[in-house]
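Trainee: Take this structure, written in structure tokens, and hold onto it; I'll ask about it next.
Just so it is clear, none of the values below were taken in a lab; they were calculated from the coordinates. In this text the structure is predicted, and so the values were computed from the model without any measurement. Quick reminder, even Gly has a Cβ in these numbers, built from the backbone with ideal geometry, and neighbours come from all protein chains shown.
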Amino acid sequence: MSMSKLFDSELNVINVGLAMFEEDIAAQGAKVRTLDWTPPGGGKPKVIAALDKLERPELAEKIGAANAEAADRIMSAKPMLVGFGRAIDVVPGMTATTILHAGPPITWERMSGPMKGAVTGALVFEGLAADLVEAEDVAASGKITFSPCHEHDCVGSMAGVTSASMYMHVVHNETHGNYAYTNLSEQMAKILRMGANDQSVIDRLVWMRDVLGPMLKEAMEIGGAIDLRLMLAQALHMGDEAHNRNVAGTVLLFQALAPALLQTSFGTEQKKEVFDFIASSDYFSGPTWMATAKAALDAAHGIEGSTIVTTMARNGVEFGIRVSGLPGNHWLTGPAQKVIGPMFAGYKPEDSGLDIGDSAITETYGFGGFAMAAAPAIVALVGGTVEDAVAYTHAMAEITTTENRNITIPSLGFQGLPTAIDVRKVLDTGILPVINTAIAHKDAGIGMIGAGITHPPVEAFEKAIIALADKLA
Amino acid sequence: MSVTAVIKKNSYFDSVSLMSISTKANGIDGVEQAFVAMATEMNKGVLKNLGLLTPELAEAGNGDLMIVVVPSGGGNADAIVPQIEELLTRRAPSGGAAEISYRTIAAAAHADAGANLAIIAVNGAYAGREARKALENGMSVMMFSDNVPVEEEIALKALAHEQGLLMMGPDCGTAIINNVALCFGNAVRPGPVGIVAASGTGSQEVSVRIHALGGGVSQLIGTGGRDLSAEVGGVMMIDGIRALAADPKTEAIVLVSKPPAPEVEKKVLAEIADAGKPVVVYFIGGSEEAVTAAGGHFAASSLDAALAAVRLTGSPSATALAVDAARIESVRARLSPEQTNIRGLFCGGTLCDESMYALLDDGEEVWSNIQKNPEFVLGAGNPSTGHTFLDFGDDEFTNGRPHPMIDPSLRLARLVEEAKDPSVAAIIMDFVLGFGAHEDPVGVTLPAITEAKKIAADAGRHLEIVAYVLGTDLDTPGLAAQTAALERAGVIVTSSSTETGEFARALVREGIKA
Amino acid sequence: MKTSARPNRIPSVSLDSVLLPALRENPGTGKVHSVFDRVINVLAPCGQLVALAAQQLDDAPWTIRAEVRDWSREDVQAGDPVAFGAQQIRFESPDAPTVLLSGAREWFAKKVSLEHLAAEEFQMRGHVLAGLLDELGIRGGILEESAQKESAHANAFEEQIAAGLRNGCEALVAAIRANQPDHIGETALQLLGLGPGLTPAGDDFLSGLTLLAAQPGSRLGGAREVISAVVGQYSDRTTLLSWTTLRESLDGRARESVLELLSQLFRQRAESPAELARHLRAPVNRALRIGHTSGTDILSGLLAGLRLETELRGSM
């Protein structure tokens, strides 16, 4: 029996709760370490009761198997970029008067400044309103259907506002057969998704609809599908974390698209416009990686018994998560948080809108904030030190299920991405997922004013664990 | 006196670096004395008083660092200065890797595979969960927390049993594992006696007595007070016996408990035959026949238990002091006829029990908050009556406050209260030393003792205070110093918990009103 | 999103609330005063010494806690020019960082009212603090080395300093007790700058004492005024860092760990000295981690203040 093993070894104590014992034990020469302990689930009895229920051996075994399956689906998904198309043509459930938005469901009245700015801009762009003033009336009229991107196999960066004639990435998960969609990067800072909506913004959207989108669509028809998972893995090896840093990914994507773009039927002038547009910002491939993650995570959604997070998304007011074992559109929400990080010159923290966008799908997959160790250069943008960046990736390993064997971080000895966030582990450790993101101005019409780091509200996870316990136990 | 000074203009070193420079400068060959200080007026004044203020130093400003060296006889200033300059330029190593802290037992266990025991001292609502995580990660557990549901205790002990791990507790305050005392324990000599105990102070007393008799302790395994109840069934005590039976460093085993549930007692005693080592059984108020029939060595008292263990492990001639009849006589002589009652004010539950049982054995009526007989149960709020023995460590007294071993305030107040009662002949107290206990339990009580004695004296009575100090010469503060302080205050100090009970019994048996 | 090369920008976690108006009203160029692993002291254009501290240090007067673990990797030297603005503090040398101030939490020094406390309450708290200090304090400053250690290690200079501190502290306490303003000033001056360290032990003692004196309702207000005048007049008697610290203490502002201890000392409802001691152990330990003996010396001053408050209240 291993008690004799204890008697034969050096005593090595983990001390939980009362620090005063540590001193006496250390004074007697034994090794002792006091935990930085907090009550699990923040000490909330309902949360702990839920955690306890889920830890019953027979249930824990079932959850373990379900989570392994979910993690495997995330990792084995093979998202391929297969084309581009107008939302009305490709997105399930899309209509001419539908506006998709980021995050969990929200009504027009409750939308944050940036999202309202994006919605009114989109209504003008679609010709549903003559100007921004009228657009507000239209938005409030009840004639517009607002719906979360996530409920239409889509994701949307920042405000995530997606209207019928916007061009979308079409990503096909070859392994599991599902599709994911997201619209195109507008590059720049003063853009619709950040809440900007003046004429320059609308003009760019029109050009994207008339030139960029069709040219990309044609190029894909010429060039054929692109393996996004492989490209993402390469980008991470080149120092991206693929949420806030996309330098490498954009170069790789452009490299893959360029020959076919050249062969399209457009004129040289328009091709140069497109090339210039892509070169104007490193963010060009940002949405591409979001759709990559979405395609994989949707495949892992709806597994009976799984406590793996398949969606983290914010609408600027609320942060919502979905969990694999709570199938369909079962959103668990809490208040959207502030984003902490450096601001562009001239802006103050008070100017910041709250955390917004579906881009946390990247962290849900295991890159972005989770892969900061792969992208030490990111710290200049989001603040912190290189050590912090590495520490974030290590900390995320404490709340995830496994490492992604397909996408690795060279500087950590090719450790795989921390993959498959487990609601139970989040509440057990009190460690919340870390999210790299941009900061939009709190008012409509201004745009991006900084970037930084944020976390989901713990409430969303608490609601999730309680719902899981109710369902499974 | 020749002086060598180095002045660093506007140089700032943090205090720790400054200390290290100073220490190193004093260690350079050929240096008799070296001082390192900021050149403030007052510091320069000190140098001036010492005759060391060179004109150069006098010029230094308050943002400058002075290093002043007085070379020894053979010291060569020219050789010393470069070495000092080097001290200043050498960068102190940075603090090194920051200590990594962990949030969960699982993460800490993952990071340090050598971790083999977890002490759980969190709110009882969370304790079971943490203990389970520790067991699942292959660690034994000492659970200090109480208020843990009995079903949880049963499940944890079953899990530990399955895994071959110790599950000490809940409500386990004392253990000695691999000669390291955990939580509340005393510094005792390592040796061949293994102890499994369901009572904290009881096991402390046995370990301390073994030490005092020249013996030593291999392991002291706590089981938690509820282990020998019918519900829990003595799982940990039985596993503890088996573990000590298999432990080559243990030559004899001592079991300590309040009276177990009868069916559990039977189960535990049945283990003795298979132990392959002598087993001493001290179950307070237990039956000698049952123990002897099971092949064990019956101990009627904690002292008995210690004596038996020491005799069985290589010191057959060990003896303990008998109660000093002359001392009893001298106490009795000083009491007045109406002083008939004894009051016991205890920190240690087993110590209280042992003294109380000494009187009960003689058929005396004893009121107590830990009385088994409901007719004689006395609540924390009730005044004492007749012979009253109170365990201040019992839940009713500790409710919401620290254990009396740490916070003596309630007992101090009660001591003064008891002194006012003209029927009281003697007050008996215990003082527990060791890890986790109050840093000076006697010192903090002395003013109340003095006051109590004065109250009695002012009323024309002699009040006897009898104290027992549970501790060893290795504890801090040590046994000798605490005993001496009590004796200086006119307190009679007994030599063991058992003698304390005997003393009380002798006082009563002879009839206090002689 | 642009990720073009950006200068090394370090956000701040928190900063002293008095800094913002001071920096807004006095922009300009200052210079680096001193560089330590975890603190860079910079001299602001207004003449104020400002500390840029690593995030794990506590808040303090004129201090900005930046999001760094240590400064040793930054290329900053004493004497380097530093540009001060309301939004940022920029080290003006190549590769050196810019510390961003926007977004930082503002820190305020809290105060504790001593108005309605009776002598016994001071006495009990003094007793508890004395016990903890004796047990946990770092010797070598105000707390003297134990006898056997002294003979082994002390040299003439250290002995003189120790004697000076002992006499100075006793004389200052006696002067306050006797309410002799001239004496208070004289004895405080004897302590100012006495002791080898960057914040000499004498100053630390004065800081602890005056910090208590600066709390509302203190009976030591008179002594504080006298000491304040002396400190104001003799800024050249000690290091700038120490002088700055002391001057802030005179205004009731000190490092958060010390203020937290002060607050726990008076706000903690304790049934008994033992319980209070148990509560205070952690905050005392934190405060003792300041400098080498500085924490101990500050608390020694605080303790002297508690004892004086006890006496002054008892006699009323």
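Trainee: Take the Cα pairs of segment B:172-312, get the Kirkwood Rh, then feed it into Stokes-Einstein at 4 °C and 1.567 mPa s and tell me D in µm²/s.
Mentor: For these conditions, the coefficient is 91 µm²/s.
Trainee: Return the whole-Å distance between the Cα centroid of segment B:456-484 and the Cα centroid of segment A:59-83.
Mentor: Cα centroid of segment B:456-484 versus Cα centroid of segment A:59-83: 69 Å apart.
Trainee: While we're here: Add +1 for every Lys or Arg and -1 for every Asp or Glu among the other residues with Cβ under 15 Å from the Cβ of A:Leu51, and state the total.
Mentor: Residues close to A:Leu51 contribute a combined charge of +3.
Trainee: What does the net charge come to around A:Ile446 if you take all other residues with beta carbon closer than 14 Å to its beta carbon, with K and R at +1 and D and E at -1?
Mentor: My count for the surroundings of A:Ile446 gives +1.
Trainee: Report the semi-axes of the equivalent ellipsoid for segment A:35-173 in whole Å, largest first, where each axis is √(5λ) for an eigenvalue λ of the Cα gyration tensor.
Mentor: Equivalent ellipsoid of segment A:35-173: 39, 23, 12 Å, largest first.
Trainee: Could I ask something else about it? So how long is each side of chain B along the principal axes, counting just the alpha-carbon atoms, biggest first, in Å?
Mentor: Principal extents (Cα only, largest first): 89, 64, 46 Å.
Trainee: How much of the DSSP beta bridge set in the protein assembly as shown is antiparallel, as a percent to the nearest 5?
Mentor: Of those bridges, close to 55 percent are antiparallel.
Trainee: Then there is this: Starting from the amide H of C:Gln88, placed 1.01 Å from N in the peptide plane, find each other amide H under 5 Å away whose residue is 5 or more places distant or on another chain.
Mentor: When sequence neighbours closer than 5 places are left aside, the close amide H contacts are C:Leu101.
Trainee: Beta carbons within 10 angstrom, averaged per residue: use that to sort the peptides B:234-245, B:271-282, highest first.
Mentor: Descending mean neighbour count gives B:234-245, B:271-282.
Trainee: Considering only C:Glu275, C:Glu225, C:Glu186, give the residue with the highest GNM mean-square fluctuation for chain C, with springs between Cα atoms whenever their separation is below 10 Å.
Mentor: Maximum fluctuation in the GNM of chain C, among the listed residues, is at C:Glu275.
Trainee: Enumerate lysine pairs in segment A:78-291 that are 8 or more residues apart or on different chains, then count those whose Cα atoms are under 25 Å apart.
Mentor: Within segment A:78-291, the lysine pair count is 7.
Trainee: Take the Cα atoms of segment C:129-266, find their three principal axes, and give me the spread along each one in whole Å, biggest first.
Mentor: 44, 33, 31
Trainee: Under the definition of Cα pairs under 8 Å and six or more residues apart, what whole-number percent is the relative contact order of segment B:4-89?
Mentor: 46
Trainee: Between segment B:180-224 and segment C:209-238, what is the separation of their alpha carbon centroids in Å?
Mentor: 55
Trainee: Then there's this: In what sequence do A:Met188, A:Met290 fall when counting other Cβ within 10 Å, fewest first? Please report the intermediate quantities before stating the final value.
Mentor: Values: A:Met188 19, A:Met290 31.
Sorted ascending by nearby Cβ count, the order is A:Met188, A:Met290.
Trainee: Still on this structure, I have one more. Quote the charge dipole size of chain B about the Cα centre in Debye, to the nearest 20; the model charges only the Cβ of Lys and Arg (+1) and of Asp and Glu (-1).
Mentor: Computed about the Cα centre, the dipole is about 780 debye.
Trainee: Would you mind working out the magnitude of the charge dipole of segment B:385-514 relative to its Cα centre, with +1 at each Lys and Arg C-beta and -1 at each Asp and Glu C-beta, to the nearest 20 Debye?
Mentor: Working: 11 positive and 20 negative charges, 103 e Å.
That gives segment B:385-514 a dipole magnitude of about 500 debye.
Trainee: Something else about it: Evaluate the Debye formula for segment B:223-381 with equal point scatterers sitting on the alpha carbons, no solvent, and hand back log10 of I(q)/I(0) at q = 0.09, 0.13, 0.19, 0.21 Å⁻¹, in q order, two decimals.
Mentor: After summing over all Cα pairs, the log10 values are -0.38, -0.74, -1.27, -1.42.
Trainee: Moving on. Placing +1 at every Lys and Arg Cβ and -1 at every Asp and Glu Cβ, with all other atoms neutral, what dipole size does chain A have around its Cα centre, in debye to the nearest 20?
Mentor: Magnitude of the dipole: close to 300 debye.
Trainee: Additional query: For a protection proxy built on the mean count of beta-carbon atoms within 10 angstrom, sort C:252-261, C:125-134 highest first, please.
Mentor: Highest-to-lowest ranking by the protection proxy: C:252-261, C:125-134.
Trainee: Can I ask one more? How many Lys pairs in segment B:172-312 lie less than 22 angstrom apart by Cα atoms, where the lysines are 8 or more positions apart or on different chains?
Mentor: So the count of such lysine pairs works out to 5.
Trainee: For segment A:387-462, compute Rg over Rh where Rg is the Cα radius of gyration and Rh is the Kirkwood radius from the inverse mean 1/r over Cα pairs.
Mentor: 1.07
Trainee: Which translational diffusion coefficient, to the nearest whole µm²/s, is obtained for segment C:9-107 from the Stokes-Einstein equation, given a Kirkwood hydrodynamic radius over C-alpha pairs, 10 °C and 1.306 mPa s? List each step's numbers first, then the result.
Mentor: Details: Rh = 12.8 Å.
Translational diffusion coefficient: 124 µm²/s.
Trainee: Also, I was wondering about something else. Please tell me which of these pairs span more than 27 angstrom C-alpha to C-alpha: A:Lys294/A:Lys471; B:Lys24/B:Lys44; A:Lys5/A:Lys62; A:Lys348/A:Lys425; A:Lys5/A:Lys425; B:Lys9/B:Lys48? Can you show the working numbers first?
Mentor: Values: A:Lys294/A:Lys471 25 Å; B:Lys24/B:Lys44 22 Å; A:Lys5/A:Lys62 32 Å; A:Lys348/A:Lys425 35 Å; A:Lys5/A:Lys425 30 Å; B:Lys9/B:Lys48 20 Å.
Beyond 27 Å: A:Lys5/A:Lys62; A:Lys348/A:Lys425; A:Lys5/A:Lys425.
Trainee: Something else now. Rank these for me by crowding, B:Met38, A:Met208, going from fewest to most other beta carbons within 10 Å. Intermediate results must be reported in sequence, preceding the final value.
Mentor: Numbers: B:Met38 29, A:Met208 24.
Lowest count first: A:Met208, B:Met38.
Trainee: If a cysteine in the protein assembly as shown has no other Cys Cβ under 4.7 Å from its own Cβ, put it on the list, ordered by number.
Mentor: For the protein assembly as shown, the answer is B:Cys172, B:Cys183, B:Cys347, B:Cys352, C:Cys46, C:Cys169, because their Cβ atoms have no other cysteine Cβ under 4.7 Å.
Trainee: Would you list A:Met312, B:Met168, B:Met19 from fewest to most Cβ contacts within 10 Å?
Mentor: Arranged by neighbour count, lowest to highest, A:Met312, B:Met168, B:Met19 become B:Met19, A:Met312, B:Met168.
Trainee: Summing +1 for each Lys or Arg and -1 for each Asp or Glu, what net charge is found among the other residues whose Cβ lies under 10 Å from the Cβ of A:Leu128?
Mentor: -1
Trainee: Turning to a different aspect of this structure: For segment A:93-112 and segment A:385-402, what is the separation of their C-alpha centers, rounded to whole Å?
Mentor: 34
Trainee: Per-residue ellipticity at 222 nm for chain A, helices alone: DSSP H runs ≥ 4 residues times -39500 (n - 2.57), over residue total, nearest 500 deg cm²/dmol? Display every interim value, and only then the final one.
Mentor: On the way: 18 runs with 187 residues, N = 473.
My calculation for chain A gives -12000 deg cm²/dmol from helical runs alone.
Trainee: With only alpha-carbon atoms in the gyration tensor, what are the semi-axes of the equivalent ellipsoid for the protein assembly as shown, in Å, largest first?
Mentor: 64, 45, 27
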